[in-house]
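Beneath this line is the structure, given in structure tokens, with notes to follow.
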Amino acid sequence: MERISDVKWMQQRANELRTQGKSIGFVPTMGYLHEGHLSLVDAVRKEHDVVVMSIFVNPTQFGPNEDFDSYPRDIERDESLAKARGVDIVFYPQVKDMYPGDDLTWVNVEKITGVLCGASREGHFRGVTTIVTKLINIVKPHTMVLGQKDAQQAAVLTKMVEDLNMDVKLIIAPIVREADGLAMSSRNVRLTPENRKYALVLSQSLSLLRQEMQSGADLKHSLEKAKEKISSTPNAELEYLEARSYPLLDLVEQPTGKTLIAVAVRFGDVRLIDNILL
């Protein structure tokens, strides 16, 4: 497995691979890999000649009071896991190379970035769309795979790729969960043992909502009941629990077409998200 940190060298390698007729599958990550990330490798491994994984904790998608400095990092561990799963190239750029000066160019997706996570994380999605655009221009993949756990991010990036006519295919892979139902996240390691137990309220509430919707229950009533359950959980600070159309993210009163039910909860300084698609 190759490790590339230089932006120009990664672009050159991508050009070489494409000239040789090789197909490139791309897995963008912020590292501290878990089975959710590795399942994304599986989603592109069989159908592509080369799998590239980026590992980059992107500062521009973190707010001033968020967890950029404490976000878990362990490149040696990540490289070992990536190699074992079949990654061919790990692209591990430095912040000074991805953002070398006073950056004046940003990528913005409107409307769907101002709700859910975007409502409380000003500038977050501008950072996401800009870094992913840069990574696509550097890695030059034929296919990029994203995880459904970040459902709003997947919707935003899908719209960006469509609107800007980017020559890359997107795959959205399903959420991978721990045995007890907690959605896998790099941030899970920062939960205290006590909060790790309390965090199960996210997946439990979503599972109950799915069951109630399938039985024809009233969405508004079910959401209020779930909000009360989460809010009454020790150490849990509910940020949002909403039902929205997918992928346009308009509020819905009752599921008709594809509907996203998404939740964000803070346990101390650890913010967790989860969702289901109906």
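The values are calculated or read from the model by the stated rules, or taken from the named source; none is laboratory data. Note that the structure is a prediction, hence the values are computed from the model and not measured. Counting neighbours? That spans all protein chains shown, and the Cβs are built from the backbone with ideal geometry, glycine included. All accessible areas refer to the heavy atoms of the entire protein, side chains included, with ligands and DNA or RNA removed. Shrake-Rupley method; radii C 1.70, N 1.55, O 1.52, S 1.80 Å.
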Counted residues, the range 248-276 - those being at pLDDT 95 or above and buried (at least 17 other Cβ atoms within 10 Å of the Cβ): 16
L251 being in contact with a Lys or Arg (Cβ under 8 Å, 6 or more places away or on another chain) and hydrophobic (A, V, I, L, M, F, W, C): yes
Residues located in the range 27-79, provided they are part of a loop (DSSP other than H, G, I, E, B) and within 18 Å of A183 (Cβ to Cβ): M30, G31, Y32, L33, H34, D67, Y71, P72
Qualifying position, being among the basic types (K, R), surrounded by 18 or more Cβ atoms within 10 Å (Cβ to Cβ) and at pLDDT 95 or above, among K169, K140: K140
Residues satisfying the stated conditions in the range 84-107, i.e. among the charged types (D, E, K, R), in a loop (DSSP other than H, G, I, E, B) and surrounded by 18 or more Cβ atoms within 10 Å (Cβ to Cβ): D88
Among the candidates T133, T113, residue that is of a type in the set (V, I, T), free of Cβ contacts under 8 Å to residues at least 40 places away in the same chain and more than 18 Å from T259 (Cβ to Cβ): T133
Residue selected from the range 166-177 under the condition of a type in the set (V, I, T) and part of a loop (DSSP other than H, G, I, E, B), by the criterion nearest to D103 (Cα to Cα): V168
Selected residue (only one of S54, S23 is more than 13 Å from S186 (Cα to Cα) and in contact with a Ser or Thr (Cβ under 7 Å, 6 or more places away or on another chain)): S54
Neighbours by Cβ (under 7 Å, 6+ apart or cross-chain): first from the range 26-46, farther than 16 Å from M184 by Cα and free of Cβ contacts under 8 Å to residues at least 60 places away in the same chain; second surrounded by fewer than 24 Cβ atoms within 10 Å (Cβ to Cβ) and not polar (S, T, N, Q): R45/G86
Scope the range 108-165; condition in contact with a Phe, Trp or Tyr (Cβ under 6 Å, 6 or more places away or on another chain), outside any strand (DSSP E or B) and within 21 Å of L33 (Cα to Cα); matching residues: V139, P141
Among (1) part of a helix (DSSP H, G or I); (2) under 20 Å from R85 (Cα atoms); (3) open to solvent by 40 Å² or more (accessible area, probe 1.4 Å), the one test that W9 misses: (2)
Filter result for G21 (on the phi > 0 side of the Ramachandran plot and surrounded by fewer than 20 Cβ atoms within 10 Å (Cβ to Cβ)): yes
Hits in the range 178-194 (condition: more than 17 Å from L33 (Cβ to Cβ) and not in a helix (DSSP H, G or I)): A179, D180, G181, L191, T192
Set S80, S70: member being over 30 Å from L238 (Cα atoms) and among the hydroxyl-bearing types (S, T, Y): S80
Residue among V176, V189, V201 that is among the hydrophobic types (A, V, I, L, M, F, W, C), within 26 Å of E66 (Cα to Cα) and open to solvent by 70 Å² or more (accessible area, probe 1.4 Å): V189
Long-range neighbours under 9 Å by Cβ, at least six apart or interchain, first residue among the β-branched types (V, I, T) and at pLDDT below 95 within the range 197-226, second in a helix (DSSP H, G or I) and surrounded by 15 or more Cβ atoms within 10 Å (Cβ to Cβ): none
Residue in the range 58-69 that is within 25 Å of V95 (Cβ to Cβ), open to solvent by 20 Å² or more (accessible area, probe 1.4 Å), at pLDDT 95 or above and among the β-branched types (V, I, T) present: yes
